[in-house]
Amino acid sequence: MKKQAIIQMQDLTKVFATDEMETHALRGVNLEIYAQDYVSISGPSGCGKSSLLSILGLLDSPTSGRYFINGKDVSDLSVNHRAEIRNQNIGFVFQAFNLIDELSVFDNIALPLRYREPMMTNSAIKQSVMNSLEKVEMSHRTSHKPNQLSGGQQQRIAIARALVGSPAILLVDEPTGNLDSKNGDAVMEMLEQLNNNGVTICMVTHDSRYADMATRKLHLLDGKMAEQLDF
């Protein structure tokens, strides 16, 4: 029996329209991502990577086509319903870290869990946060503020926050964009180890070295999947 894809896109398009013109950001994209995949998406600036990631992360909806997460059609949901499914199924890692300076490391990581329904107990939240911190080797930094950490450490905390809700998939957007090469390599090694331990990852990157670390490489060009290599 064929296993079910975590992510499935069918003939998906995204068009941005103004009175003067239409911009076709995505054109007939078909994509399947399965449990424990490590997928990289690369392509030139303006090829549609950001639009694709926004739809994958339920931050935006497609103009046409269908999008399924774990077999559930999420193509046409309301903003609130998208947010609920995103919180349960998707972990985000951003180039800019997106940590809240006023909150401690612990509270930054706990934040997504505090919006869960049904409400989690404080003890359950603490256990999830500490488990997540252990995965990124940052358990000793719970009380620090983000601005007390290096860029590489902040990205590790951002990864811990993305992992804390045990998402079906981790969406990673240019994770090394704000890091020097040493910290960038360390973050990429961590992502590779997480994937080896069973975490499903979909990463957008412009860096061919890092794209090559994925087990599946996709290439976007002019809004179309131009290449797919499986290893």
request  = Exactly one condition in (1) closer than 30 Å to Val15 by Cα; (2) over 14 Å from the mean Cα position of the chain (by Cα); (3) buried (at least 17 other Cβ atoms within 10 Å of the Cβ) is not met by Gly177; state its number.
outcome  = (3)
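Would you be able to say whether some residue in region 90-104 is free of Cβ contacts under 8 Å to residues at least 40 places away in the same chain and out of contact with any Ser or Thr (no Cβ under 7 Å at 6 or more places or on another chain)?
No: zero hits.
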remark   = Of the residues in region 142-165, those that are in a loop (DSSP other than H, G, I, E, B) and either free of Cβ contacts under 8 Å to residues at least 12 places away in the same chain or not aliphatic (A, V, I, L, M) (or both) come to Thr142, Ser143, His144, Lys145, Ser150, Gly165
query = Tell me, which residue of region 180-231 that is in contact with a strand residue (DSSP E or B) (Cβ under 7 Å, 6 or more places away or on another chain) and basic (Lys, Arg) is surrounded by the most Cβ atoms within 10 Å (Cβ to Cβ)?
reply = Lys217
query = Which number in (1) in contact with a Pro (Cβ under 6 Å, 6 or more places away or on another chain); (2) more than 22 Å from Ala160 (Cα to Cα) marks the one condition that Ser51 misses?
reply = (1)
ask   = Can you spot a residue in region 119-132 that is touching a residue at least 24 places away in the same chain (Cβ under 8 Å) and either at positive phi or surrounded by 23 or more Cβ atoms within 10 Å (Cβ to Cβ) (or both)?
value = yes
note = Only unsatisfied item for Ile69, checking (1) more than 26 Å from Met213 (Cα to Cα); (2) in contact (Cβ under 8 Å) with a residue 12 or more places away in the chain; (3) hydrophobic (A, V, I, L, M, F, W, C), is (1)
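Keeping to region 166-196, report how many residues are within 21 Å of Gln4 (Cα to Cα) and in contact (Cβ under 8 Å) with a residue 60 or more places away in the chain.
The qualifying residues number 6.
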task = Filter region 13-32 for residues that are surrounded by fewer than 22 Cβ atoms within 10 Å (Cβ to Cβ) and under 19 Å from the mean Cα position of the chain (by Cα) and give the result.
result = Asn30, Leu31, Glu32
ask   = Looking only at region 209-227, which residues are out of contact with any helix residue (DSSP H, G or I) (no Cβ under 9 Å at 6 or more places or on another chain), over 13 Å from Val39 (Cα atoms) and outside any strand (DSSP E or B)?
value = Asp222
message = Just checking: which of the helices (runs of 4 or more DSSP H) contained wholly in region 76-135 hold 2 or more residues that are at pLDDT below 95 and within 26 Å of Ile55 (Cα to Cα)?
response = 79-89
key: Given (1) under 20 Å from Asp60 (Cα atoms); (2) crowded, with 19+ Cβ neighbours inside 10 Å; (3) not acidic (Asp, Glu), number of the condition His81 does not satisfy   = (2)
inquiry  = Which count do you get for residues in region 140-172 that are surrounded by fewer than 21 Cβ atoms within 10 Å (Cβ to Cβ) and under 23 Å from Ser208 (Cα atoms)?
reply    = 2
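The values are calculated or read from the model by the stated rules, or taken from the named source; none is laboratory data. What you see is a predicted model, and the numbers here were worked out from it, not measured in a lab. Note that we place each Cβ from the backbone using ideal geometry, even for glycine, and neighbour counts take in every protein chain shown.
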